[in-house]
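The values are calculated or read from the model by the stated rules, or taken from the named source; none is laboratory data. All of these numbers come straight from a predicted model, not from anything done at the bench. Every residue, glycine as well, gets a Cβ built from its backbone with ideal geometry; the counts of neighbours run over all protein chains shown. With ligands, DNA and RNA removed, areas are computed over all heavy atoms of the protein, side chains included. Shrake-Rupley method; radii C 1.70, N 1.55, O 1.52, S 1.80 Å.
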Amino acid sequence: MGLKSTLIISLLALVPFILLSMPFLSWIPDDAYISFEYSKNLADGEGLVFNSGERVEGFSNLLWTLLLAVAAFLGLEIQTAAPVLSYLCALAALGLFLVLVRQTLQFIGDAGRPSVLIATGAATLAVGVFFPLAFYASSGLETTAYLLCLLIGAFFHLKAVREENPAFHYYSLPAFLAAALMRPEGIGFLGLNGLFFLYHWRRVPRRLLVVAFLTLAAYAA
């Protein structure tokens, strides 16, 4: 499947996604403002707090809150930056999903068949019209960034299998670490990967075990 076909299929997914997400471009849920306030106070030097002087952890998306704090520190308006960032993550996730579908079909040996276009188009179109993705795309929440992290992790796992290079499995660790820091349930994916790596650790160069150790140390901290 060539570049032209890939672009056409991308448009098949992009058009319905944009149309579905347009009614919600100005919608920001109340939950998002919790992270906004924490981020603003952190950028202003008050610390990671909702109210000045009250050390209460009222957020569940540490990494997203920190990213928004960086945006605020750079002088960006959080209520504008957050929806834009979440929308960009949604678009990136949509594109990466297409890549994963295409590479999976190539891996199983169907790359030269006309059915590849149909299968890839159907799968990508299904994501393009997936309402929850369009609904939360510009919400300013961490939802789409979390999805993108998981897809990046899956990308490296697939790359390790396709190229028969186990080292790429370890490159997925930072992505799943980011997912774990983005949402609490992300620790489940990080934990499953940890078990996978323990099972295959003899097949991977020792220097890459350092990556695994640093990943777990970062989450523990």
Residue pairs within 9 Å by beta carbon, gap of at least six or interchain, first lying in segment 153-172 and among the polar types (S, T, N, Q), second open to solvent by less than 30 Å² (accessible area, probe 1.4 Å), listed first then second, are S172/G153; S172/A160; S172/N193
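Could you pull out every one of the helices (runs of 4 or more DSSP H) wholly within segment 161-221 that has 1 or more residues that are open to solvent by 80 Å² or more (accessible area, probe 1.4 Å) and at pLDDT 70 or above? Break it down stepwise before answering.
Details: elements: 167-171, 173-182, 186-200, 207-220.
Result: 167-171, 186-200, 207-220.
Kindly evaluate P83 against the criterion of being part of a helix (DSSP H, G or I), open to solvent by 30 Å² or more (accessible area, probe 1.4 Å) and either closer than 17 Å to A137 by Cβ or acidic (D, E) (or both). Give the derivation first.
Values: part of a helix (DSSP H, G or I): yes; open to solvent by 30 Å² or more (accessible area, probe 1.4 Å): no; either closer than 17 Å to A137 by Cβ or acidic (D, E) (or both): yes.
Here the answer is no, as P83 does not meet what is asked.
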Given the conditions (1) among the basic types (K, R); (2) open to solvent by 60 Å² or more (accessible area, probe 1.4 Å); (3) modelled with pLDDT of 80 or more, every one holds for R102 apart from (3)
Note on segment 24-66: residues in contact (Cβ under 8 Å) with a residue 60 or more places away in the chain, open to solvent by 70 Å² or more (accessible area, probe 1.4 Å) and assigned to a helix (DSSP H, G or I) are D31
